[in-house]
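We did not get these values from a lab; they are worked out from the coordinates using the rules stated. This structure is a prediction, so every number in the text was calculated from the model and none was measured. Positions of Cβ are generated from backbone atoms using ideal geometry, with glycine treated the same way; all protein chains shown enter the neighbour counts.
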Protein chains: 2
Amino acid sequence: MVINMMLEEVLKANEEFVKDFEPKKLSHMPQKKLAIVTCMDTRLTGFLEPAIGIGRGDAKIIKNAGNAAVDRDVVRSVAAAIHALGVEEVMVIGHYDCGMANVDPEKLEANMKARGVDDKVLSEVNLKEWIGAIDGEEENVMVVVEKIKESPFIPDDVPVHGLIIDLYDGKLKVLAKDE
Amino acid sequence: MVINMMLEEVLKANEEFVKDFEPKKLSHMPQKKLAIVTCMDTRLTGFLEPAIGIGRGDAKIIKNAGNAAVDRDVVRSVAAAIHALGVEEVMVIGHYDCGMANVDPEKLEANMKARGVDDKVLSEVNLKEWIGAIDGEEENVMVVVEKIKESPFIPDDVPVHGLIIDLYDGKLKVLAKDE
């Protein structure tokens, strides 16, 4: 078991980081007035920001499994970014080879059962829906762009663009430019 | 207006990045078997990862306004990370000076009205609740830790730790170590 292994490692890394870090007071307002909705994928961690020229203080970043708008959580966060934090432009950035586009409900259910998730709980949900499986990466970006744009909490004059990044070569592609 | 200004800038930055980037195939499984739930705050962008020693490919990162579990979206993403992507440890990492701990509902409503959000829409919601305001940063971390732990989709043997980071000096503090 790896229990608490990462906690110790993370705390040690932070101790080292703090030694050399020059304390700095930054504004909580994103300097580039930008919010990005993207995926929790591990290959985007510490990669998306440099790949698109975004540094500390520049943008709000929202991440979940599949950059999906399964619940209202993405719209809530984007609305907070706009109305409380000065955001004026939104980008939904998906990526190819997304785990949420390749969900095998039977395998997922077997994995859950093996880890002790209750049979009754599993029988009461459509797992593919519950986990937020998406049909295709490009299509999902467009679904989420539309979901954000059609919310009454999102002003019409805030552009919401759809993009997708290739995790192999880092190349970003525009799917929909909102004018 | 800044419309599309950031889109052009981001695409240009990506063009430059791709020129020097050596294409690399990475596993979609996080190498440190870790999922982190944290905030969309702009001061965490490009900062949290180096501050805790996490690099590309190491961990899944989930982010929303206030690292809050307002909806089931955080639990859904953590469950996907565990059951489909091999995650064995979870950290909820809040931060001090969080915008979601200082929501002024009247100011927020005025901002929304000024941006054209419909009066009727605003009259139908409790804005403070809708936006996911939190009572305090430390308390909120513990609420989210409990929400994840009590979900029937999260195995009992996956530790869920609560931590908080100081955005000024980068120091990480443990609020609850899950043994």
### Summary
Sorted by chain and then number, the residues having a modelled amide H within less than 5 Å of the amide H of A:Phe21, at least 5 places away or on another chain, are none
### Inter-chain shielding of B:134-141 (mean C-beta neighbours from other protein chains, 10 Å cut-off)
0
### Query
Can you list, shortest first in nanometers, how far B:Asn102 lies from the same residue in the other copies, with each label 7 Å from Cα toward Cβ?
4.4
### Task
Kindly write out, for the stretch B:100-106 in residue order, the coupling ³J(HN,Hα) from the Karplus curve 6.51 cos²θ - 1.76 cosθ + 1.60 (θ = phi - 60°), rounded to whole Hz, with x marking Gly and Pro.
6, 8, 10, 6, 9, x, 5
### Query
Mind checking the mean number of beta-carbon atoms from other chains within 10 Å of the Cβ atoms in A:48-54?
6
#### Entry: In sequence order, calculated HN-Hα J values of the stretch A:12-18 (Karplus, 6.51, -1.76, 1.60; Hz; x Gly/Pro)
5, 4, 5, 4, 5, 4, 4
### Message
At 7 angstrom along the Cα-to-beta-carbon line, where would the label on B:Tyr168 sit relative to the other copies? Give the distances in nm, shortest first.
### Response
4.8
### Copy-to-copy label separations for B:Lys120, where each label sits 7 Å from Cα toward Cβ, in nm and ascending
4.3
### Task
Restrict the search to the stretch B:87-165; then list the GluC sites (Glu not before Pro) that DSSP places in a loop and that have at most 14 other Cβ atoms within 10 Å of their Cβ.
B:Glu124
### A:Leu175 long-range amide H proximity, modeled H, under 5 Å
A:Gly162, A:Leu163, A:Ile164
#### Entry: Nonlocal amide H pairs with B:Lys63, under 5 Å, H built at 1.01 Å
A:Lys63, A:Asn64, B:Thr38
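Over chain A, what is the relative contact order in whole percent, taking alpha-carbon pairs under 8 Å and six or more residues apart? Mind dumping the intermediate values first?
Numbers: 237 pairs, mean separation 40.9, N = 179.
RCO, chain A: 23 percent.
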### Query
What list of ³J(HN,Hα) values in whole Hz, one per residue of the stretch B:36-44 in order, does the Karplus curve 6.51 cos²θ - 1.76 cosθ + 1.60 (θ = phi - 60°) give from phi, with Gly and Pro shown as x?
10, 10, 9, 9, 6, 3, 5, 7, 8
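Sorted by average packing, counted as other Cβ atoms within 10 angstrom per residue and highest first, what order do A:34-47, B:54-67, B:10-23 take? Could you put the intermediate results ahead of the total?
On the way: A:34-47: 26.4, B:54-67: 24.8, B:10-23: 13.7.
Highest to lowest by the protection proxy: A:34-47, B:54-67, B:10-23.
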